[in-house]
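Colleague: Here's a structure for you.
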Amino acid sequence: MRRRSLLIAVPAGLVTLAACGDDKGDSGKASESAEPSAPETSAAPPPKIVDGPLPAITAGKKFDEKPTVAKGSGEPSKDLAVKTVIAGNGRSVAENDYVVANYLGQIWDTGKVFDNSYDRGARLALPLTQGQIIDGWRYGLIGKKAGSRVQMAVPPTWGYGKQGNPQAGIKGTDTLVFVVDVQGTFNARSSAEGSEVAQDNIDLPKAGTNTDGKAPSIKVPDAAAPKELVANYVIEGDGEKVGAQDSVLVQYKGVLWDGGKEFDSTYKRGQLTSFSLQQVVKGWSQGLTGKKVGSRVLIVIPPKLGYGDNPPQGSEIKKDSTLVFTVDILAKL
């Protein structure tokens, strides 16, 4: 089990905070969906990758448009079939990257769609890491570029195995067909991208503007903490704005106003995190709403919008602490 982020492992009793979760967050998935997270065992040998056969995409042929896929014809390959339907020109996907994508999955034999993110209006963000995602995705997407549409036919060996996924109606003998629109790919060194914004207020913390994937510095002034929320651009990106109902993929670092001690950081864990803005403290949800993807945001959260007198157990956050964060918004999900 991965270490839970303090931002998601929130205390009970604050009505705006959701129940505990792991670092993957909710990402808006429906309860009956079958996101391609890994089955309990995932130790198959690397597959041979072939070009087909693959069923035709009959409608929704543009990138990021919900596709319609024909039922599989004949016997599927026993190998992993992968085809780049639309070639993108973004960053290449590497193992252990977080891939942000829209996707549709259906069963070869019946053509039954068992899951798709297009209808949910929430993109997937999952790491291409063994044990975190089915091996068909892990092997099939590596080397593909952001902006690409990739179609795959995944045999059970590199899908859900002999146990299948009964909740989604997937049997242990089913080959699965996926269409994946790769929106972006990110790793533990991903940073904000944009224009630096002046930090002129001497009574507020000053955040580093480095974009080398290392944690930015946060210098807390020798001044009284603000009583109201502060949410200022440090680096302003040019991506889409984040809405109050959205989920995001981020890098972040948190320090205490009193003493400037770091208490949580994705940089230190070497792992990005994603979550819904409905899962986190009010200071985060209010501070990130309306901010642009690609930005670094300085957020100063007074106790009334943070953890108040009920900080997370086992953390270094004391009662009524003012919290200071830098948040790099890498993607909206």
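Colleague: Test each condition in (1) more than 17 Å from Leu323 (Cα to Cα); (2) under 15 Å from the mean Cα position of the chain (by Cα) for Asp238 and report the one that comes out false.
Modeller: (2)
Colleague: Follow-up. Residues of segment 274-333 being surrounded by 24 or more Cβ atoms within 10 Å (Cβ to Cβ) and without any contact (Cβ under 8 Å) to a residue 12 or more places away in the chain, which ones?
Modeller: Scanning segment 274-333 gives no hits.
Colleague: Can I ask one more? Which condition from (1) in the same structural domain as Thr175 (by TED's automatic domain parsing); (2) not in a strand (DSSP E or B) is the one that Ala44 breaks?
Modeller: The single condition Ala44 does not satisfy is (1).
Colleague: Next question. Quick check: anything in segment 277-294 more than 20 Å from the chain's Cα centre (by Cα), of a type in the set (Gly, Ala, Ser) and assigned to a loop (DSSP other than H, G, I, E, B)?
Modeller: no
The values are calculated or read from the model by the stated rules, or taken from the named source; none is laboratory data. Here the structure is a predicted model, which is why all the values come from computation and not from measurement. With ideal geometry, Cβ positions are generated from the backbone for all residues, glycine too; neighbour counts draw on all protein chains shown.
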